[in-house]
Amino acid sequence: MARRSIKVGIMPLRDIKARTIAIARGKYKPAPDEPKVWFTSLKSLASVLSEDNQALLQAIRDNNPESIAELEKITGRAASNLTRTLHTLELYGLVELRAAPVKGKGGRAPVRPVVLADGVEFQLNF
């Protein structure tokens, strides 16, 4: 399976805001190789990519769970904790939460976590 990395950038919040406004106004067009995800510090990047979260990403990749409930059994982490963490990882493009097929009649479709990236490349601006 081909490895896929996401490219993240780190720059001060004021610069992220100015960049976003310039893009929205059509005054700046990001190059295809520029990061799509930005953090304000190495500390914030490190908290998203903590050892626990790296272990979670590995558990998802290795076990391919069909639902958060299944991931809860695999990891021993509470569903509420997993859901919060997975939403954060999704925000940064590391995970996608997909609706799994519904088995039987009615009911809500379970959410299936899928790892989108195997690594992170980063660009530091200051």
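The values are calculated or read from the model by the stated rules, or taken from the named source; none is laboratory data. These figures come from a predicted structure and were not determined experimentally. Here Cβ is always computed from backbone atoms with ideal geometry, including for glycine, and neighbour counts include all displayed protein chains.
Tell me, which helices (runs of 4 or more DSSP H) lie completely within region 27-126 with 3 or more residues that are farther than 19 Å from Lys7 by Cβ?
Fully inside region 27-126 and qualifying: 51-63, 68-75, 79-91.
Taking the condition under 26 Å from Gln123 (Cα atoms) and either free of Cβ contacts under 8 Å to residues at least 12 places away in the same chain or hydrophobic (A, V, I, L, M, F, W, C) (or both), does Tyr28 pass? Yes: the conditions hold for Tyr28. For region 1-26, the set of residues classified as assigned to a loop (DSSP other than H, G, I, E, B) and at pLDDT below 95 consists of Met1, Ala2, Arg3, Arg4, Met11, Pro12, listed by residue number.
Inspect all residues belonging to region 44-57 and state whether any of them is under 18 Å from Glu121 (Cα atoms) and touching a residue at least 60 places away in the same chain (Cβ under 8 Å).
yes
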